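Presented below is the structure to which this report refers.
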Amino acid sequence: MAAYRGFLLLLKLAGFMFLSVFCFYQWDMSQDKRVERIRQLQEQRKQLLREMCDGDEGVFPEGRQSLEDLSDNELKHLIVDDNHGIIYCYIPKVACTNWKRVMFVLNMSAPYQDPMSIAGDMVHLPKTFTQLNSFPRQEMKVKLKHYTKFLFVRDPFVRLISAYRNKFQRHNEYFYQHFGRDILRLYANQSDPPETEDEAFASGIRPSFYNFIQYLLDPQTEKEVPFEPHWRQMHRLCHPCLIQYDFVGHQETLQQDAEQLLKMLKLEDDIKFPPSYENMTSPASMLDWFSTVPLEARRKLYELYEMDFRLFGYRKPSELLDG
């Protein structure tokens, strides 16, 4: 009887070991498939950029230019990490605070501290990072050729909604003084807008989303100064037809893209990208946001950001543009 019980126990142990090995094998296979899917997606994004940038000169004029045609000011969004051979082009409203945190700690000695321990305000201060435009042109070219270059992009309309919410629905004295007051005066029938943001908020006066769109579509806006970076077209910040990026991340797949990029940089064991806790503006909510924007204005806005949609593979929002 004891021998029989021992035999049953051995059978159970063998079954358990077989099941464990089988489950691990299945998990390992699914992991391999997931990694392969992510790799293929990355290749598709880069291939799309190559095809678009080599296209019609009239649609993609950057495809016929060179780095020499860009001013130093147009290259200020490219951050250089010489220690790891990395160049990051940051785009406001596309996880740039957390990527700047990562770049900040990488400039410190290992073991690297948690990126979330770095205050968000600190990474946006002037001269916090080494910018590509601080080097002579020939040295820029060498770094662009040999360093790993990456950027993260986002659905263009969702990015605009996020910029509006962040800069005009929340307290921000700088953006009120430099943009909000003029938007109220020009498009919201406020001939004498409140002097301060606090006064405007106390009175319930703020630019509407449609007012913001009117500002973007006004030809005078670009004539005075280039678009502010939070709503400047992404391709105008990072010049993907002139700079061949090694990695193109999307906000919509942020965590898996960040994980893949850190593996590509051989940093996955040294640093972790901060998790995204805040609710991101959802593409599904765009209909609500654009409900106050006339159809013709929506179509003109798409034309204004069309190159971003096409270069980075974002679907044309027909539900907003078809009458």
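The values are calculated or read from the model by the stated rules, or taken from the named source; none is laboratory data. The structure displayed is predicted, hence computed values, not measured ones. A quick note on method: Cβ atoms are made from the backbone with ideal geometry, for glycine too, and the neighbour counts reach across all protein chains shown. SASA here: full protein model, heavy atoms, side chains in, ligands and nucleic acids out. Shrake-Rupley method; radii C 1.70, N 1.55, O 1.52, S 1.80 Å.
Leaving ligands, DNA and RNA out of it, report the carbon-plus-sulfur percent of the accessible area of the range 207-323 at a 1.4 Å probe. Reported share for carbon and sulfur atoms: 50 percent. For the chain, the solvent-accessible area works out to 55 Å² per residue, with a probe of 1.4 Å and every protein chain left in place. Summing Lys and Arg as +1 and Asp and Glu as -1 over all other residues whose Cβ lies under 14 Å from the Cβ of R298 gives a net charge of -3. Computed from the alpha carbon atoms alone, the convex hull of the range 133-198 holds 157 Å³ per residue.
Over 23 Å between Cα atoms, which of K100/K272; K149/K266; K46/K149; K145/K272; K143/K167; K93/K141 qualify? Long pairs (Cα-Cα over 23 Å): K145/K272; K143/K167; K93/K141. Backbone amide hydrogens, once placed in the peptide plane, bring T130 within less than 5 Å of V80, excluding anything fewer than 5 places away on its chain. Legend: translational diffusion of the range 188-244 by Stokes-Einstein, Rh = Kirkwood radius over C-alpha pairs, 20 °C, 1.002 mPa s; D = 154 µm²/s. Of all the options Q65, Q113, Q220, the one that moves most in a Gaussian network model of the chain with Cα springs shorter than 10 angstrom is Q220.
Here the 3J(HN,Hα) profile of the range 104-110, calculated from phi with Karplus coefficients 6.51, -1.76 and 1.60 at θ = phi - 60°, is 5, 6, 5, 7, 9, 7, 6 Hz, Gly and Pro shown as x. Stokes-Einstein diffusion for the chain at 4 °C, viscosity 1.567 mPa s, with a Kirkwood radius from C-alpha pairs, works out to 57 µm²/s. With kT/(6 pi eta Rh) evaluated at 25 °C and eta = 0.890 mPa s, and Rh the Kirkwood radius from Cα pairs, the range 66-158 diffuses with a coefficient of 174 µm²/s according to Stokes-Einstein.
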